[in-house]
Amino acid sequence: MIVIPGGLDPAGSRGIRRWTWALFPVTALALVGLAACAANPKVRYTFPPEEAPAAGTVVEGIASWYGPGFHGKQTASGERYDQDALTAAHPYWSFGTRVRVTLLSTGKSVVVRINDRFPSYKGRVIDVSRGTARAIGLIGPGTGRVRLEVVR
């Protein structure tokens with residue numbers, strides 16, 4: 001007869017019952033955890049309501065750029081994304097809004113058109129296309145402090 005330390009006897013039902021009851025709390029916790037995952041589907045980001053900013057509105061903050069992974073895909077406005085166009089994504093400014101984006105470290109600026117959305121929880125004020133980033137010198141650093149001025 002094989003005896004396992006701790007009193008578990010694989011041939012004896014009494015040791016197996018003790019061992020089974022010892023696993024019950026672990027099994028119950030695992031099932032509760034799985035049920036919690038099934039009951040809480042992934043929360044999706046909800047964009048704030050669209051806003052038409054007044055011409056002359058000025059905002060400063062951090063910008064980033066996006067390009068290759070999105071090129072040719074549909075933007076939130078419905079048009080196809082062109083990474084080399086002078087466009088940008090903003091969390092809530094109206095599509096078609098024209099904005100002068102100035103990278104403060106270089107002083108370079110360009111006017112872009114808002115045609116996409118991005119979640120503002122990233123802590124950025126705008127996400128510009130690769131073409132815009134190239135024009136103002138944002139490609140290398142990837143992010144930078146910018147001034148946005150609504151043109152129209």
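The values are calculated or read from the model by the stated rules, or taken from the named source; none is laboratory data. Predicted model, so just to flag it, every value in this text is computed and none were measured. Cβ sites come from the backbone with ideal geometry, for glycine too, and all protein chains shown count toward neighbours.
A few remarks follow.
- So Ser109, is it at pLDDT below 95 and either closer than 23 Å to Phe47 by Cα or crowded, with 16+ Cβ neighbours inside 10 Å (or both): no
- Output for segment 55-72, where each listed residue is under 22 Å from Leu104 (Cβ atoms) and either surrounded by fewer than 10 Cβ atoms within 10 Å (Cβ to Cβ) or at pLDDT 85 or above (or both): Ala55, Gly56, Thr57, Val58, Val59, Glu60, Gly61, Ile62, Ala63, Ser64, Trp65, Tyr66
- Only one of the numbered conditions (1) at pLDDT 95 or above; (2) surrounded by fewer than 21 Cβ atoms within 10 Å (Cβ to Cβ) is not met by Pro119, and that is (1).
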